[in-house]
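Every number in this text was worked out from the coordinates using simple rules, so none of it is lab data. Everything numeric here is computed off the predicted structure, so don't read it as measured data. For neighbour counting, all protein chains shown are included, and Cβ atoms are generated from backbone atoms with ideal geometry for every residue, glycine included.
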Amino acid sequence: MRSVIEEKTGRIVEIIVSSVKPFQLMMGKVVGVALVGMTQFLAWIILSLMIVVPAKSIFFSNISDEVVYQTDRIQVIGSMAGDHVQYSENTEKAIEVFNMMQSINFGVLAVCFLFFFIGGYLLYGSLFAAIGSAAGTDTDIQQFMLPVTIPLIIAIMVMTNAVHNPDGALAFWFSIIPLTSPIIMMTRIPFGVPYGEVALSMVLLIIAFIATIWLSAKIYRTGILIYGKKLTYRELWKWLRYK
């Protein structure tokens, strides 16, 4: 969004659109910044795997016998009072955490992360590019920013509920809705999500991205060359209806 506004206010875009179509310019900007983010995330994933995979094999191989021992011990001291009961409860929670970590498929998690990162970025990146082309100044941006950022705020609020109840109705529906699924679905996946729900969320995200790109391109091609005009939602609706 900031990049589009900078090009627009500096009149650089007038020179660029003389060589390429506005849609190509918008897609080039969105995809270009996405590749930069992808490079950064891939570096993080590779470095994380270099640490996690050896640590997981060493750590879990060393504690496997201890987990069995502590499990048997819980059954023995579970009926005892005082500090022994508290100790057994803490040990049981630790064992549950270890078992959950062992059950996580980090390969699936990495693939889903890349997909939802790309899909979510392209979805919101196209919207913010359209906002940048429609607004002439930072002041004009504010009226268009709120409708786009509200789903992100709601997703962050629902994320807490999804951690405590990943199979609940609230977490399910917000992991399916494209505007919130990149955040909520990634919150649910480590707890185990049926592949059918993940596939449905992915398909809807792709459809939403295509529709968003189409709508944003109609705003971008008109707004990128308009200067000094106070825009309203009615004006944007007219741009969307242009053929």
Phi angles of the stretch 183-193, converted by Karplus (6.51 cos²θ - 1.76 cosθ + 1.60, θ = phi - 60°) into ³J(HN,Hα) in whole Hz with x for Gly and Pro, give 8, 6, 5, 5, 6, 7, 4, x, 8, x, 10
In nanometres, the difference between 0.36 nm per residue of separation and the alpha-carbon distance of Ile51 and Ala34 is 3.5 nm
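Using a ≥ b ≥ c from the Cα gyration tensor of the stretch 191-243 (square roots of the eigenvalues), is it rounded, prolate or oblate, where a/c under 1.5 gives rounded and otherwise the larger of a/b and b/c decides, a/b for prolate? Spell out each step's value before the answer.
Values: a/c = 4.02, a/b = 3.33, b/c = 1.21.
Because a/c hits 1.5 or more and a/b exceeds b/c, the stretch 191-243 counts as prolate.
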By the mean-Cβ-within-10 Å protection proxy, highest first, 201-214, 121-134 rank as 121-134, 201-214
Contour minus Cα-Cα span, Phe23 to Ala211, at 0.36 nm per residue, comes to 66.3 nm
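Under the 0.36 nm per residue contour assumption, what length would be gained going from the current alpha-carbon distance of Met157 and Ala43 to full extension? Write out the running numbers ahead of the final one.
Values: separation 114, 0.36 × 114 = 41.04 nm, distance 2.87 nm.
Answer, rounded to one decimal: 38.2 nm.
If you place +1 on the Cβ of every Lys and Arg and -1 on the Cβ of every Asp and Glu, how big does the dipole about the Cα centre of the stretch 135-229 come out, in debye to the nearest 20? Don't skip to the end; give the middle numbers.
Numbers: 4 positive and 4 negative charges, 56 e Å.
With Lys and Arg at +1 and Asp and Glu at -1, about 260 debye.
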